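Below: the structure, in structure tokens.
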Amino acid sequence: MKIQFKNDIVTVFESALYRTTSTVADLGDLVIVTDPNWLPAEVGTIRDHVNRTAGGRPVYLFITHSDYDHIIGCGAFQDAVVVASDALSTNNNKADILAEVLNFDHSFYITRDYPIKYPEVDIKIVKDGQSLRSDRPDLQFFLASGHTEDGAILLLRDQGIILAGDYLSNIEFPFVYFHLDQYRSTLLKIKEIVLSNKSVRLLIPGHGDMAKSRAEIFERISKDLIYLDLLEMEAVTSKMPTDTANFIESYSSNPSLLAEHVKNVTNVKQMLRKDLSDI
């Protein structure tokens, strides 16, 4: 499995599928593994690395959100303490998400040496700035809805690293599955976290390359906010703004992204109609 980045603190694994990342952080008295994924051999590589790194220390499994590609490997870490948002714990679509995992495996005749299971959350994130433990105030979680309803991100404050889940990818524009305005709010929240923590230099997204400077993090935030404005304009007018196609290509020339943009437009139209009906 490809290792995208490694230093004394974090190892960032990258799957062959969708350039999905999984980060293992060695934090002295504990180890955190985030979103282990996709293929059985890849999950096995991450698990072996975690076992070697931990050496008997506590292992925490952080699930950033409930998309099936991010929970697909959680069953390989049955002794880990699971950390995720309270909304992920209470998600009403657990059966559907597990069905997506099983459909993927069945489609490619994949078998796994661990159970397919929805995460059973031990530590529920209920507020911004929540610490992992009382003795580790440097490990702070923040709620991050917009992409999904149940997202969360993790700030490794002393190490200057943000684990951002499916936010701020350099190869994907925002996929808005839950709510447009909440997506904007999450981007602005991340901006405030970076502004408030001068040590932050690295941001690791769930797909694609990590941002390796504060300037790059801010650039990604600004770019994603522009995309969301273009998306909303198209959803309201039913007409694609002139710059949108080129803007999408600035993330990636992959033609499948255009189909994802069309899904975004449909989703946001439905969200806007619902918001109006709730007034």
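The values are calculated or read from the model by the stated rules, or taken from the named source; none is laboratory data. Values in this document were obtained by computation on a predicted structure and should not be read as measured data. Using ideal geometry, Cβ is built from the backbone for each residue, glycine included, and neighbour counts are taken over all protein chains shown.
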The one condition Tyr183 fails out of (1) within 18 Å of the chain's Cα centre (by Cα); (2) in a helix (DSSP H, G or I); (3) surrounded by fewer than 19 Cβ atoms within 10 Å (Cβ to Cβ) is (3)
Over region 81-102, the set of residues outside any strand (DSSP E or B), aliphatic (A, V, I, L, M), over 16 Å from the mean Cα position of the chain (by Cα) and surrounded by fewer than 20 Cβ atoms within 10 Å (Cβ to Cβ) is Ala95, Leu98, Ala99, Leu102
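Please enumerate the residues belonging to region 135-165 that are assigned to a loop (DSSP other than H, G, I, E, B) and among the β-branched types (Val, Ile, Thr).
Thr148
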Does any residue of region 54-76 turn out to be surrounded by fewer than 20 Cβ atoms within 10 Å (Cβ to Cβ), free of Cβ contacts under 8 Å to residues at least 40 places away in the same chain and under 16 Å from Gly151 (Cα atoms)? yes
Note on Thr45: of the conditions (1) surrounded by fewer than 17 Cβ atoms within 10 Å (Cβ to Cβ); (2) polar (S, T, N, Q); (3) assigned to a helix (DSSP H, G or I), unmet is (1)
Mind checking whether some residue in region 216-234 is without any contact (Cβ under 8 Å) to a residue 40 or more places away in the chain, in a loop (DSSP other than H, G, I, E, B), more than 25 Å from Tyr18 (Cα to Cα) and among the acidic types (Asp, Glu)?
no
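So, Ser253, is that one part of a helix (DSSP H, G or I) and of a type in the set (Ser, Thr, Tyr) or not?
no
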Scanning region 1-34 for residues that are among the acidic types (Asp, Glu), within 18 Å of Gln159 (Cβ to Cβ) and touching a strand residue (DSSP E or B) at 6+ places or on another chain (Cβ under 8 Å), the one modelled with the lowest pLDDT turns out to be Asp8
Per the filter on region 155-184, residues within 24 Å of Pro137 (Cα to Cα), out of contact with any His (no Cβ under 8 Å at 6 or more places or on another chain) and not aliphatic (A, V, I, L, M) are Arg157, Asp158, Gln159, Gly160
